[in-house]
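Below is one structure; the comments refer to it alone.
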Amino acid sequence: MLKIGNLLLKNYLIMAPMAGITNPPFRLIAKRLGAGLVVTEMVSAVGLSRGHEKTFRYLESTPEEKPLSVQIFGADPYDMAMAAEIAVEKGADLVDINMGCPARKVVKNGAGASSKSGGRSGYGRGRPQGLHRSPDRENPVGLVPSGGQFSRNRRHH
Ligand SMILES: Cc1cc2nc3c(=O)[nH]c(=O)nc-3n(C[C@H](O)[C@H](O)[C@H](O)COP(=O)(O)O)c2cc1C
């Protein structure tokens, strides 16, 4: 058993989030093979906070996937807070903040690996201020703070 906040996982097997791969069918397979927690691919906080339909599709899941972690990325604390609230509304049991993605298109906007060192918003220097606004504090927030290389990711909760 693994406890993250008040979320109890049946084991320590946590599926790694992978952009373009960890969609619902993949997550279901991982779950059926015994994963204690499955994670969405990284979802744009801006896309969610601005209501982009295409971004919302990344939050679609089935009850069988639960407990589900939704990973969000972004640079602005307001967008991140909104995105976290939306993710929880749509069924996330845990919200994971991507602070490790080194992709140029992510980093140049102050998100992913660049948010750890402050990025544009500075939320990487501490808990994102906006997240205090989340109405549902029961749901834990996790960070993926790897430095530039996905393969060195460590999850801190
Ligand atoms: C195609 C691909 C996409 C990935 N996308 C994400 C992502 O969206 N968010 C994230 O935190 N890590 C992402 N990663 C990193 C993985 O979650 C994982 O940390 C990495 O593959 C190292 O895991 P390993 O040490 O078990 O190989 C991605 C990795 C790959 C290969």
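The values are calculated or read from the model by the stated rules, or taken from the named source; none is laboratory data. This structure is a prediction, so every number in the text was calculated from the model and none was measured. Here Cβ is always computed from backbone atoms with ideal geometry, including for glycine, and neighbour counts include all displayed protein chains.
Would you say Gly100 is under 25 Å from Val38 (Cα atoms), within 13 Å of the chain's Cα centre (by Cα) and at pLDDT 90 or above?
Considered against the rule, which asks whether it is under 25 Å from Val38 (Cα atoms), within 13 Å of the chain's Cα centre (by Cα) and at pLDDT 90 or above, Gly100 comes out as no.
Restricting attention to region 57-65, does a residue exist that is in contact (Cβ under 8 Å) with a residue 40 or more places away in the chain, within 16 Å of the ligand (Cβ to nearest atom), more than 21 Å from Ala113 (Cβ to Cβ) and of a type in the set (A, V, I, L, M)?
The answer is no; no qualifying residue exists.
In region 12-29, how many are in contact with a strand residue (DSSP E or B) (Cβ under 8 Å, 6 or more places away or on another chain) and either at positive phi or within 12 Å of the ligand (Cβ to nearest atom) (or both)?
Residues that pass the stated criteria total 6.
Tell me whether region 78-85 contains one or more residues that are over 13 Å from the mean Cα position of the chain (by Cα), more than 15 Å from the ligand (Cβ to nearest atom), within 13 Å of Val141 (Cβ to Cβ) and not polar (S, T, N, Q).
No.
For residues that are assigned to a helix (DSSP H, G or I) and either surrounded by fewer than 18 Cβ atoms within 10 Å (Cβ to Cβ) or in contact with a helix residue (DSSP H, G or I) (Cβ under 8 Å, 6 or more places away or on another chain) (or both), tally how many sit in region 19-57.
Qualifying residue count for the region: 18.
Could you list all residues from region 30-56 that are polar (S, T, N, Q) and either more than 14 Å from the ligand (Cβ to nearest atom) or farther than 19 Å from Cys101 by Cβ (or both)?
The answer is Ser49, and nothing else.
Quickly run through region 91-109 and pick out the residues that are surrounded by fewer than 16 Cβ atoms within 10 Å (Cβ to Cβ) and either in contact with a Leu (Cβ under 6 Å, 6 or more places away or on another chain) or in a loop (DSSP other than H, G, I, E, B) (or both).
Pro102, Ala103, Lys108
Select from region 1-18 the residues that are without any contact (Cβ under 8 Å) to a residue 40 or more places away in the chain and in a loop (DSSP other than H, G, I, E, B) and list them in ascending order.
Across region 1-18, the qualifying residues are Met1, Lys10, Asn11, Tyr12, Leu13, Met15, Met18.
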